[in-house]
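The values are calculated or read from the model by the stated rules, or taken from the named source; none is laboratory data. The shown structure was predicted, so the numbers you read here are calculated from the model rather than taken from an experiment. Methodologically, a virtual Cβ is constructed for each residue, glycine included, from the backbone with ideal geometry; neighbour enumeration extends over all protein chains shown.
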Amino acid sequence: MSSTKFSKIAQIIEKRIDEGEYPLNSKLPTHRVLADELDTTPATVAKAYKLLADKGRLESFIGRGTFVCEPSELSMAIQAPEDEADFNFSILQPCLHKNVLSLQKAYQVAGQQLTADLIGYTEHSGHKAHRQAGVNWAKRYGLEGGDVSNTLLTNGAQHALFLLINALTKPGDTIAVESLTYPGIMAVASLSGRNVVGIPMDGHGVIPEELEKVIAESKPTLVVVVPSHQNPTGITMPECRRREVAGIIEKHDIWLVEDDIYCFLNEEPIPAISNFIPSKSFHISALSKAISPAMRCGFVKAPQGQVTSLNAHIRTNTWLSSPINYIAATHLIDTGEAFEMAAIQRETACQRQHIAREILPQLQCHSSGYHIWLPLPESWKAERLMVEAKNKNVIVSSGSYFDVTGNEPDHIRLSLMSVSTEQRLREGLSILKALMDSDVNTLFPF
Ligand SMILES: Cc1ncc(COP(=O)(O)O)c(C=O)c1O
């Protein structure tokens, strides 16, 4: 079965969902019925259904059938690759081919290091040597005060966000986040029955006066920020803004979660906000963006008094994060290779940002981040551009997936790192540029 065939069938189904032929919560035809209609095989339809289920557009229930479901921002923002011809600008991950060899070697070493001690149940926060590696990783990029007693291991940063939101707030509580934010934070809040309120931002991140206002008006229990190369805006908070934010958190009965997953992309380490308020803040770092998201290695530095409670959450939630991945991670960090890999990814991001600025002159910001937050010409709406770009095999994320206020921002987010080569980057961006330069009104009506 060709991958093109089932992804084409998936596109037909998705179009029918978008156009209302298959409404929300409706049951889809059986594999056989749709296969007959579309002149294909039931196996191809099954594969198309699976693809759309992975994207969060369908849900299958054994014995009941397949139903159209509400797409979540998270599943829409990050789209799995469908077709080799696609220019997928939706996934924020490192240039993976640059890391494959080092990872192969690290896992070989990890295999040789496996001992009975390492393959059993262990402390929920992880082995001491692996926690120390996490301390060293975060310290290199600006976090102070981490040690093996206050650092815990998680299955990546998303898991850390889930644990922290559930440990620090209760259903019905409000969480304050940047007004444009990573949809994974909104997804955890929504699944856990927490409300979300947006804090307005300027070019340096959340605005201190606005943070004060949100705290006074919405009484959040927790503030979550992404201080470096923020997703989606790309903004990095300078040290002075970090100090101001810390000062405000300190004055109130409130926690800070600092999701610093992109800290390794800063040209020079910038002190973490958590350095200024260690007893009120939780700092998250991870290897997903520098080394590989498949490793699922995340680190949380917590206030000492909160470690026992967080361990209880880890125990209930996952028992422990797999030590086997952490053996490889610790090898990479202890030998210094992890930092070299991070530097290569940063260098690649800088080169790709340069290419993006050449092709898209409306880009003003100079960043070493993985992504760009691209303003659209006035005539274009983000959702429309996303659909038209997809017809040309270019996958982008609409700004609406990141907007806490529900406005439709006139931006799209583009990851520059998920297409394989600089040549493909140029081709994909040029297609997008030509589309944005064209007159939306002369295209087929939407
Ligand atoms: C700000 C932010 N936090 C967390 C994550 C998830 O990271 P992980 O793969 O380590 O769970 C992402 C992924 O895009 C992200 O952008």
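Each row is one residue, and each column tells you yes or no for (1) surrounded by 24 or more Cβ atoms within 10 Å (Cβ to Cβ); (2) among the charged types (D, E, K, R); (3) assigned to a strand (DSSP E or B); (4) out of contact with any strand residue (DSSP E or B) (no Cβ under 6 Å at 6 or more places or on another chain).
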{"site": "ARG384", "(1), (2), (3), (4)": "no, yes, no, yes"}
{"site": "LYS390", "(1), (2), (3), (4)": "no, yes, no, yes"}
{"site": "TYR401", "(1), (2), (3), (4)": "yes, no, no, yes"}
{"site": "GLY406", "(1), (2), (3), (4)": "no, no, no, yes"}
{"site": "LEU414", "(1), (2), (3), (4)": "yes, no, yes, no"}
{"site": "SER420", "(1), (2), (3), (4)": "no, no, no, yes"}
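Out of everything in segment 187-209 that is over 25 Å from SER367 (Cα atoms) and part of a helix (DSSP H, G or I), what residue ends up being farthest from the ligand (Cβ to nearest atom)? Spell out how you get there, then give the answer.
To start, the set of residues in segment 187-209 that are over 25 Å from SER367 (Cα atoms) comprises 187-197, 209.
Then drop every residue that is not part of a helix (DSSP H, G or I), which leaves 187-191, 209.
Working: ALA187: 11, VAL188: 10, ALA189: 13, SER190: 16, LEU191: 15, GLU209: 24 Å.
Among those residues, the one meeting the criterion is GLU209.
Looking at segment 88-115 only, could you name the residues that are more than 16 Å from the ligand (Cβ to nearest atom) and aliphatic (A, V, I, L, M)?
Within segment 88-115, the first condition is being more than 16 Å from the ligand (Cβ to nearest atom), and the residues that meet it are 97-98, 100-102, 104-115.
Within segment 88-115, VAL100, LEU101, ALA106, VAL109, ALA110, LEU114 qualify.
Look at segment 352-382 and say how many of its residues are loosely packed, with under 15 Cβ neighbours inside 10 Å and assigned to a loop (DSSP other than H, G, I, E, B).
The total comes to 8.
Give just the number: which of (1) modelled with pLDDT of 95 or more; (2) surrounded by fewer than 19 Cβ atoms within 10 Å (Cβ to Cβ); (3) within 16 Å of the ligand (Cβ to nearest atom) does LYS170 not satisfy?
Going through the list (1) modelled with pLDDT of 95 or more; (2) surrounded by fewer than 19 Cβ atoms within 10 Å (Cβ to Cβ); (3) within 16 Å of the ligand (Cβ to nearest atom), LYS170 breaks only (3).
Condition first: in a helix (DSSP H, G or I) and either touching a residue at least 12 places away in the same chain (Cβ under 8 Å) or surrounded by 15 or more Cβ atoms within 10 Å (Cβ to Cβ) (or both). Now tell me which residues in segment 302-311 satisfy that.
Of all residues in segment 302-311, those in a helix (DSSP H, G or I) come to 304-311.
GLN304, GLY305, GLN306, VAL307, SER309, LEU310, ASN311, listed by residue number.
Can you work out which of the residues in segment 252-301 that are in a strand (DSSP E or B) and more than 14 Å from the ligand (Cβ to nearest atom) is surrounded by the most Cβ atoms within 10 Å (Cβ to Cβ)? Break it down into steps so the answer makes sense when it comes.
Here is the first cut: in segment 252-301, the residues in a strand (DSSP E or B) are 255-259, 281-286, 298-301.
Those still in the list that are more than 14 Å from the ligand (Cβ to nearest atom) too: 255-256, 281, 301.
Values: TRP255: 22, LEU256: 23, SER281: 23, LYS301: 28.
In this case the residue turns out to be LYS301.
I'd like to know if segment 328-351 contains one or more residues that are away from the ligand (no atom under 16 Å from the Cβ), modelled with pLDDT of 95 or more and crowded, with 24+ Cβ neighbours inside 10 Å.
Yes, that holds for at least one residue.
Restricting to segment 370-405, name every residue that is closer than 19 Å to LEU180 by Cβ and out of contact with any Ser or Thr (no Cβ under 8 Å at 6 or more places or on another chain).
Taking segment 370-405 as the starting set, the residues that turn out to be closer than 19 Å to LEU180 by Cβ are 370-376, 380-383, 385-386, 396-405.
The answer is ILE372, LEU374, PRO375, LEU376, TRP380, LYS381, SER398, GLY399, SER400, TYR401.
Picking from VAL404, VAL396, which residue would you name as being β-branched (Val, Ile, Thr), within 21 Å of the chain's Cα centre (by Cα) and farther than 25 Å from CYS350 by Cβ?
Values: VAL396 fails: farther than 25 Å from CYS350 by Cβ.
Result of the check over VAL404, VAL396: VAL404.
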